[in-house]
1. I'd like the full set of residues that are hydrophobic (A, V, I, L, M, F, W, C) and more than 17 Å from Ile97 (Cα to Cα), limited to the stretch 14-60.
2. Please go through the stretch 59-91 and pick out each residue that is surrounded by 12 or more Cβ atoms within 10 Å (Cβ to Cβ), at pLDDT below 90 and assigned to a helix (DSSP H, G or I).
3. When you check Glu49 against the structure, is it modelled with pLDDT of 90 or more, within 30 Å of Lys108 (Cβ to Cβ) and either out of contact with any Phe, Trp or Tyr (no Cβ under 8 Å at 6 or more places or on another chain) or surrounded by fewer than 13 Cβ atoms within 10 Å (Cβ to Cβ) (or both), yes or no?
4. Pull out all pairs, ordered by first then second residue, where Cβ-Cβ is under 6 Å, the residues are six or more apart or on different chains, the first lies in the stretch 98-110 and is modelled with pLDDT under 95, and the second is open to solvent by less than 90 Å² (accessible area, probe 1.4 Å).
Amino acid sequence: MLDLEKLSEVAMQIIAYSGVAKSTYIEAAHLARQGQFDQAMEQIKQGDEVLRTAHDTHLQLLQKEATENTPQVSMLVLHAEDQFMSCETIKVLVMEIMEIYRQLQAQKGE
């Protein structure tokens with residue numbers, strides 16, 4: 001049977017973890033713009049750890065749905081999915097931005 005309270009709690013965890021990871025990735029881009037690439041990569045690593053927690057929480061939700069054969073869908077879960085996916089996209093974009101900043105800094109040094 002669907003436990004909406006527990007489902008909402010899990011969805012909020014995914015949203016929170018995704019939000020923290022997203023913030024660390026954005027901070028990494030800011031650090032890279034300042035040429036602080038080691039610190040930027042540390043932010044990426046921290047974001048990855050938090051995103052891994054979001055991923056694990058998300059996976060548990062999917063496994064529960066698969067074993068109980070009961071769809072676990074609500075607007076809050078849909079929002080959690082959206083935040084999780086956008087966080088993954090932001091990480092990819094930040095990694096590209098960091099590489100551009102790295103190349104620009106190398107060109108200045110030539």
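The values are calculated or read from the model by the stated rules, or taken from the named source; none is laboratory data. Note that the structure is predicted; figures quoted are calculated from it, not measured. Cβ placement follows ideal geometry from the backbone for every residue including glycine, while neighbour counts extend to all protein chains displayed. Areas reflect the complete protein model, heavy atoms only, side chains present, ligands, DNA and RNA absent. Shrake-Rupley method; radii C 1.70, N 1.55, O 1.52, S 1.80 Å.
1. Ile14, Ile15, Ala16, Val20, Val50, Leu51, Ala54, Leu59
2. Residues satisfying the conditions are Gln60, Leu61, Lys64, Glu65, Leu76, Val77.
3. no
4. Short answer, once both residue conditions are applied: Gln105/Gly35.
Here is a yes/no grid of residues against (1) buried (at least 16 other Cβ atoms within 10 Å of the Cβ); (2) within 27 Å of Leu76 (Cα to Cα):
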site	(1), (2)
Ala11	yes, yes
Val20	yes, yes
Thr24	yes, yes
Gln39	no, no
Asp56	no, yes
